[in-house]
Amino acid sequence: MKLLQKAGMTLFIVASTLLISVLFLNRYKLTDAALSKAITDSTERKMVAMDLAPMMGKTYDFNVSFNGDIDKHLQSSNKKITSKFEITDQDIGNVLSQFSGQEIRYSTEKISDIFDDSEEGQFKAQKLKDYTSWMHEKEYADKAGLQEHLENTKSSINANIVNDKGYSDYKIKALKLALTRQSGFGPVSENSLLWLLLTIGLGVVGALMYIFPKLELLPGIKNDHVYHSPNSGRGWVGYIIGFLLIGFYVILYWYPEYMTTWMELVDPISMALNGNEASQWFFYGFLYTLAIGVMGIRMIIKYRHSKYQMIRTYSVIFFQIAFAFLIPEILIRLNRPSMDLKNIWPLNYTFFFDYNIENLTHSGSLGLGMLVWGIVLALIGVPVITYFYGKRWYCSWVCGCGGLAETLGDPYRQLSDKSLKAWKIERWMIHSVLVFVVVMTFGVLYTYFTGSSEIAGINTYNLRTVYGFVIGAAFAGVVGVGFYPFMGSRVWCRFGCPLAAYLGLVQRFKSRFRITTNGGQCISCGNCSTYCEMGIDVRWYAQRGQNIVRSSCVGCGICSSVCPRGVLKLENKDPKDRFGEAILIGNDSVKMNA
Amino acid sequence: MKHVVIIGNGIAGITAARHIRKNSDFDITVISAESEHFWSRTALMYIYMGHMKYEHTKPYEDWFWKKNRINLVRDFVKSIDTAAHRLTLDQNEPLTYDVLILATGSQPNKFGWPGQDLKGVSGMVSLQDLKRIEEHTQNIERGVIVGGGLIGIELAEMLNSRNIPVSFLVREAEFWDNVLPHQEAAMISRHIRRHHIDLRLKTELKEILADNHGRVRAVVTGDGEEIACQFVGLTAGVHPNIKLVKESPVETNRGILVNEFLETNIPDIYAIGDCAEHKNPLPGRAPVEQVWYTGRMMGETVAQTICGNKTAYQPGPWFNSAKFFDIEYQTYGRVWSKLKEHEDEFYWEHESGEMAMHFVFDKPSKTFLGINTFGIRLRHEHFDKWLKTEVSIDYVMEHLKEANFDPEFFKPHEDDIIQAYKARYPDAKVNVKRKKVLGIF
Ligand SMILES: Cc1cc2nc3c(=O)[nH]c(=O)nc-3n(C[C@H](O)[C@H](O)[C@H](O)COP(=O)(O)OP(=O)(O)OC[C@H]3O[C@@H](n4cnc5c(N)ncnc54)[C@H](O)[C@@H]3O)c2cc1C
Ligand code: SF4
Ligand code: SF4
């Protein structure tokens, strides 16, 4: 390693450590100003102010203790509220006493009489009426039967009181984030631009100092020491990076209140772009785009002997910067619905969610245009373009997940599992996700159009919550990126992405795309299989002279690049002969269907 | 059930085993001393350079053998009793066979140089060699490679990847110019030097010197120069591995002698791959051809014969490929290092000096005979057909574009090549159809 590279690496490590330390630099103090910025609704604000009064003006050194206190106070308020509004055994007794003897016919009309006019009385009466509306006019053989139903009703009402009157779990999370975001003060808040430069800025400089000297090497395949490296060879560095990435995603998706200082870092950029303070998603998008940019430069330098790789990398960088990052931000600034125009359903699984449809249909012709664009792209664009070029047009040229895999993930691409077993698991998993997302989308649309939240006994809201948690966050984020150093760069694309499954079906059954093998030239060296990020055993086909037509191939072209004998070529040609016979040219003694 | 025993689990032996399995229900046993499973020798360099690990070089997963009922025995065969159809093994009980296939591969040449068996000297053929090279190139200051062929240049690239300075002793006037025409040989020599290899042309090894511990300390070249080094790679070619057969009645010369059916002089014993020597080589072919492809094709062919479909070994037009550091090389047909009588050539080299095409054709008839291509990939299928149907050089030029196999977006060079060809042969009939602009004009 050269001196410049060593300096770059040191700088990068220092900057990364600083970036993590920054999370511990700020202190936190709840003030009126913070409250009014964090909570727009004035009644809510008043209530929170009252409940959090003990915290006012108190300075916390740590984010954790600040959030711990918020949690403590809001939960204790929840307890008070519950005890005030909860339906008691006595209430149930009162209801029961309205009915007597055998052959009882229950009626909700009797309920109002039992409760007084106080706030809690009204609340209880209303809830009981609502919750027992299905029992109205129902006949019971005796009191015991009615009592059982009422007891059950009681517990469901009581369990839900905080959702109406207090703080639901969801609300507590949101409040924690908003309050922490507004209560932080300290060096980072005072000079976020400086800290941005010191952390992410220096990190980028360090990375580039490490990358650029590679221009001095002669162009050509540069995989020396990939398996010797503790990073790319599944060694200790890889493990550290993997665990850091996993930790990052867990915080991002489930505990964003602990990364508010990072949001402050990018406030100046967010303000400039969309006029708002940065959210955790802005920070993530910013970092993501930088990663694709910087590692994209690395990719271009590494493969500068291959025009295919260079153009493809320019493309993913462009789509990330323009479509995923800038355009949505600018749309926000223009007060228009923000959308990543290249994020296609079903990867963009929220596209057909009620709020998105509402949002788009209520945003004038631009919104409608986006709705039409999204539908046309998913239903016509995908099959047509994939017919002509294979799924690569999306997966390794346009997609954001693919873009990260092809740049940040490139050092890890060889870690994908090539075994037949992995292929079997892959097919089961990815197609199950596709079925899941289709069912969920139909359910959500059904609910949207009919207003009924149940379909075949399944609650469509639960369906989408489960999908969002398991597939959208845990799989796509935590596993998808966090597992780069363990299972290669395309874990998500290979095992989880429903759009990849859909594109893959088209590619497998109706497309001009294939990878052609060159006669009998394969020497079974294994470079192609090893460097296939999708875990395709390319050699299996190449050494028997068979075209590679696989639904999972993202057309990255790396197999063709690393092949030392020029055996593989990605081609779009007449679909008729694409499967071809497995023929090895060269032996005239026997016609060889290897 | 007939028991087919194969000695050697390289490409030749394994291909034979796979094809016998496809075409028969015979019992199949493959014995090999080097490794448990078939691995790709051609990828040896990539293990050393860290592109791959050993397990990535195995072309079939480990379950493959059991599933296909190919019985693998890791052992060394000590002798063959051809009368009793029996093999004695080093570790296991003796084994009897009905049919025996010898696929014992080759071994590095050593020409009796003084010091050739010192510690720190190694050939580069087997996994054991790889291990030795790994061991003896730790923290060293210089390595010397003796012999400028395909394996030598791979070893040079390997040491280079570890930043070990390399002196590369090549007997010829340019690298590999006993096979490559001088233009290409010069080009590759230049490229080797661009990678900072100390390439010593017209230089032979005289002796290897030892230090007090019996380890390599230096080599002495033919003109008496001493080069200090701690590792010496001997890559001056390979020879068929016939040690095992030498003591048996199986007839040998340089290799194990076989007829066109790959049969040796002893019934039910065949020889294929690197170890075989053809008694009556086909026209234009060498009696011993030690490349991956011929090993594979002999394996395919012998399987037919053993399974009852007696088939003569009939390789099609010659082809081969290699990679010299960053320059890929493919060849189809015959391009000899020196033009034969009646042959004419057309050589094109790109201004970068790292891409070239060399066409050879019959002067009187203009029949295309062969091509070397560097840095531009070509389609095997097209050249195989063109060589078999004996098309003219003009035809090849006219259709050169169709034969391009470079990845998409690569800059095409065919127009330059054809132009240069036309300039050189003004009365050549090459009508290249212009690509229609937008399919209209
Ligand atoms: C480093 C290197 C790179 C190469 N690159 C290329 C290339 O790019 N292209 C190309 O076409 N060719 C290449 N070759 C040549 C090619 O690898 C050989 O031609 C091919 O491997 C020969 O295969 P084979 O099956 O005949 O023998 P081998 O692969 O040599 O297999 C023979 C096996 O038999 C075993 N054996 C021998 N005797 C006994 C015994 N008595 N008992 C038990 N086992 C025994 C040996 O241990 C060995 O494992 C390369 C060779 C080397 C060494
Ligand atoms: S088969 Fe080749 S092009 Fe397809 S994903 Fe694998 S490496 Fe990329
Ligand atoms: S196709 Fe190329 S990279 Fe793959 S095994 Fe064959 S020679 Fe090696």
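Taken together, A:113, A:130, A:117 contain a single residue that is without any contact (Cβ under 8 Å) to a residue 12 or more places away in the chain and exposed (fewer than 11 other Cβ atoms within 10 Å of the Cβ), which is A:117. So which of A:496, A:504, A:472, A:482 is surrounded by fewer than 21 Cβ atoms within 10 Å (Cβ to Cβ), more than 14 Å from every other protein chain (Cβ to nearest Cβ) and among the small types (Gly, Ala, Ser)? Of the residues listed, the single one that is surrounded by fewer than 21 Cβ atoms within 10 Å (Cβ to Cβ), more than 14 Å from every other protein chain (Cβ to nearest Cβ) and among the small types (Gly, Ala, Ser) is A:472.
Suppose we filter A:438, A:466 for residues that are of a type in the set (Val, Ile, Thr) and in contact (Cβ under 8 Å) with a residue 12 or more places away in the chain; which single one remains? I'd like the intermediate steps shown before the answer.
Values: A:466 fails: in contact (Cβ under 8 Å) with a residue 12 or more places away in the chain.
After applying the criteria, what remains is A:438.
The residue pairs whose first member lies in region A:394-407 and is closer than 16 Å to residue A:286 by Cα and polar (S, T, N, Q), whose second member is part of a helix (DSSP H, G or I) and within 16 Å of ligand 3 (Cβ to nearest atom), and whose beta carbons are closer than 7 Å, counting only pairs six or more residues apart or on different chains, do not exist in this structure. Taken over region B:217-244, residues that are out of contact with any helix residue (DSSP H, G or I) (no Cβ under 8 Å at 6 or more places or on another chain) and β-branched (Val, Ile, Thr) amount to 5.
Is it the case that some residue within region A:193-203 is assigned by TED's automatic domain parsing to the domain that holds residue A:296, modelled with pLDDT of 95 or more and closer than 20 Å to residue A:297 by Cβ?
Here is the first cut: in region A:193-203, the ones assigned by TED's automatic domain parsing to the domain that holds residue A:296 are none.
No, region A:193-203 has no match at all.
Among the residues of region A:527-539, none qualifies, meaning not one is more than 29 Å from residue B:372 (Cβ to Cβ), more than 10 Å from chain B (Cβ to nearest Cβ) and over 34 Å from the mean Cα position of the chain (by Cα). For region B:324-349, a residue qualifies if it is within 27 Å of residue B:158 (Cβ to Cβ) and either within 16 Å of ligand 2 (Cβ to nearest atom) or away from every other protein chain (no Cβ under 12 Å) (or both), and exactly one does: B:337.
For every residue, the table says whether it meets (1) over 19 Å from residue A:72 (Cα atoms); (2) in contact with a strand residue (DSSP E or B) (Cβ under 8 Å, 6 or more places away or on another chain).
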site: A:142; (1), (2): yes, yes
site: A:150; (1), (2): yes, no
site: A:159; (1), (2): no, no
site: A:162; (1), (2): no, no
site: A:176; (1), (2): no, no
site: A:188; (1), (2): yes, no
site: A:205; (1), (2): yes, no
site: A:212; (1), (2): yes, no
site: A:215; (1), (2): yes, no
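Of the residues making up region A:180-220, those that are within 29 Å of residue A:48 (Cα to Cα) and assigned to a helix (DSSP H, G or I) are A:180, A:181, A:182, A:183, A:187, A:188, A:189, A:190, A:192.
Which residue is nearest to residue A:548 (Cα to Cα), if the candidates are limited to region A:378-392 and must be touching a residue at least 40 places away in the same chain (Cβ under 8 Å) and of a type outside the set (Val, Ile, Thr)? For region A:378-392, the residue satisfying everything is A:390. The residue that is farthest from the other protein chains (Cβ to nearest Cβ), counting only those in region A:288-326 that are over 22 Å from the mean Cα position of the chain (by Cα) and aliphatic (A, V, I, L, M), is A:297. Does region B:247-265 include one or more residues that are at pLDDT below 95 and within 25 Å of residue B:109 (Cα to Cα)? Yes - at least one qualifying residue is present in region B:247-265.
Each residue in region B:40-63 was checked for being at the interface with chain A (Cβ under 7 Å from one of its Cβ atoms), within 17 Å of the chain's Cα centre (by Cα) and aliphatic (A, V, I, L, M), and 1 pass. Taking the criterion of being away from ligand 2 (no atom under 16 Å from the Cβ) and in contact with a Cys (Cβ under 6 Å, 6 or more places away or on another chain), would at least one residue in region B:248-263 satisfy it? Yes: one or more hits. Take the conditions (1) in contact with a Phe, Trp or Tyr (Cβ under 8 Å, 6 or more places away or on another chain); (2) in contact (Cβ under 8 Å) with a residue 60 or more places away in the chain; residue B:52 misses just one of them, which is (2).
Restricting attention to region B:300-323, the residues that are surrounded by 18 or more Cβ atoms within 10 Å (Cβ to Cβ) and more than 10 Å from chain A (Cβ to nearest Cβ) add up to 2.
Condition check ((1) modelled with pLDDT under 95; (2) within 15 Å of ligand 2 (Cβ to nearest atom)) across all residues:
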position	(1), (2)
A:471	yes, no
A:476	yes, no
A:481	no, no
A:486	no, no
A:502	no, no
A:513	no, yes
A:516	no, yes
A:523	no, no
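Could you pull out the residue among A:545, A:555, A:535, A:580 that is more than 7 Å from ligand 2 (Cβ to nearest atom), of a type outside the set (A, V, I, L, M, F, W, C) and touching a Cys at 6+ places or on another chain (Cβ under 8 Å)?
A:545
Restricting attention to region A:544-563, does a residue exist that is in a loop (DSSP other than H, G, I, E, B), under 20 Å from residue B:14 (Cα atoms), within 12 Å of another protein chain (Cβ to nearest Cβ) and of a type outside the set (Val, Ile, Thr)? Taking every residue of region A:544-563 in turn, at least one turns out to be in a loop (DSSP other than H, G, I, E, B), under 20 Å from residue B:14 (Cα atoms), within 12 Å of another protein chain (Cβ to nearest Cβ) and of a type outside the set (Val, Ile, Thr). For residue A:523, the conditions (1) near ligand 3 (Cβ under 7 Å from one of its atoms); (2) surrounded by fewer than 24 Cβ atoms within 10 Å (Cβ to Cβ) are fulfilled apart from (2). In region A:534-578, the qualifying residues are those that are of a type in the set (A, V, I, L, M, F, W, C) and farther than 27 Å from residue B:38 by Cβ, and the one that is farthest from ligand 3 (Cβ to nearest atom) is A:554. Residue count for region A:347-377, restricted to those that are farther than 28 Å from residue A:475 by Cβ and in contact (Cβ under 8 Å) with a residue 12 or more places away in the chain: 3.
Here residue B:80 passes the criteria (1) within 12 Å of ligand 1 (Cβ to nearest atom); (2) without any contact (Cβ under 8 Å) to a residue 60 or more places away in the chain; (3) more than 20 Å from the chain's Cα centre (by Cα); (4) buried (at least 17 other Cβ atoms within 10 Å of the Cβ) except the one numbered (2).
For residue A:588, the conditions (1) away from ligand 2 (no atom under 14 Å from the Cβ); (2) in contact (Cβ under 8 Å) with a residue 24 or more places away in the chain all hold with the exception of (2). Looking only at region B:222-280, which residues are within 11 Å of ligand 1 (Cβ to nearest atom), in contact with a strand residue (DSSP E or B) (Cβ under 7 Å, 6 or more places away or on another chain), small (Gly, Ala, Ser) and part of a loop (DSSP other than H, G, I, E, B)? Once the filter is applied, which keeps residues that are within 11 Å of ligand 1 (Cβ to nearest atom), in contact with a strand residue (DSSP E or B) (Cβ under 7 Å, 6 or more places away or on another chain), small (Gly, Ala, Ser) and part of a loop (DSSP other than H, G, I, E, B), region B:222-280 yields only B:255.
When the residues of region A:564-583 are narrowed to those that are under 37 Å from the mean Cα position of the chain (by Cα) and within 11 Å of chain B (Cβ to nearest Cβ), which ends up surrounded by the most Cβ atoms within 10 Å (Cβ to Cβ)? In this case the residue turns out to be A:568.
The values are calculated or read from the model by the stated rules, or taken from the named source; none is laboratory data. Quick caveat: nothing in here was measured; it's all calculated off a predicted structure. Positions of Cβ are backbone-derived with ideal geometry, glycine not excepted, and every protein chain shown enters the neighbour counts.
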